[in-house]
Structures are given as C-alpha cells and as structure tokens.
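Values quoted throughout were computed directly from the atomic coordinates according to the rules given, and no laboratory measurement underlies them. The model shown is predicted, which means the values in this text are computed figures rather than measured ones. Every residue, glycine among them, receives a Cβ derived from its backbone with ideal geometry; neighbour counts consider all protein chains shown.
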Amino acid sequence: VQLQASGGGLVQAGGSLRLSCAASGIVFRDNAMAWYRQVPGKQRELVAVITDGGNTNYAGSLKGRFTIPTDNAKSTVYLQMNSLKPEDTAVYYCAALGHSGVNWGQGTQVTVSS
C-alpha cells in the first residue's frame, strides 16, 4: 500500500491550497479516505473524512473552508483548503481507512503566513 501526498507549501493567510493523495495497492472505492494534521507537540487530529459511500465529515472549525473531493478513476483524494489561516499550519497526512486497518501516507507541510 502506498499513499503519495503532495501539494503542500507556503501560502499567505486568506489563500488556498489543494493537497493530493494518490493511492496504490488498495481497492480505493472500498476505503474511507481521510486527511489528518499535526503540529509539533500536539496529537494528530482529524481534518476531514470521506466514506466509501461518499459521505463527508469535517472537523467543526474547518467546515465551510475545507472540502475532501475524490477522483475514483485516479484513486486520488484531495483536500481543498480555502481561506487559510496561520493556525492551519501543520503537517498534513492522508490515510486510507480500510477493514484491515489504517494506512498512512507521508506528511506534507502546509505553512500559512500572516
């Protein structure tokens, strides 16, 4: 199983970024896919999840700014982040949540400057 995340970078507050996570080695449509984020000294927290049925859920503070679309043909999940704030600065991780457990991608750094 491989989850290849990309798209992080430096952006000014109020800007947008789109993260991508390309999955291989799994049956993409049979997995819930999620994005988490982590800042140093804090626990990894859930950002957004999309179930295999297409239902989405977001951390309360992020709803309305972030979305989690997928492209099943490309086995790719995205995290569209709009109206970014400095407090969104973190390492973002994608995850595949399957029946056999959780598979993690490598993190991608997102830095939002004020």
Taking Lys74 as the anchor, which lysines have their alpha carbon closer than 24 Å to its alpha carbon, excluding any fewer than eight residues away along the same chain?
none
Please figure out what share of the DSSP beta bridges in region 47-114 is antiparallel and state it in percent, rounded to the nearest 5.
95 percent
Which of the lysines could be linked to Lys85 by a straight reach, that is with a Cα gap under 27 Å, when you skip same-chain ones fewer than 8 residues away?
Lys42, Lys63
Taking H placed 1.01 Å from N in the peptide plane, check which residues at least 5 places from Ala32 or on another chain put their amide H under 5 Å from its amide H.
Asp52, Leu97
Between Glu87 and Arg18, Cβ-based FRET efficiency (R0 25 Å, step 0.05) works out to 0.85
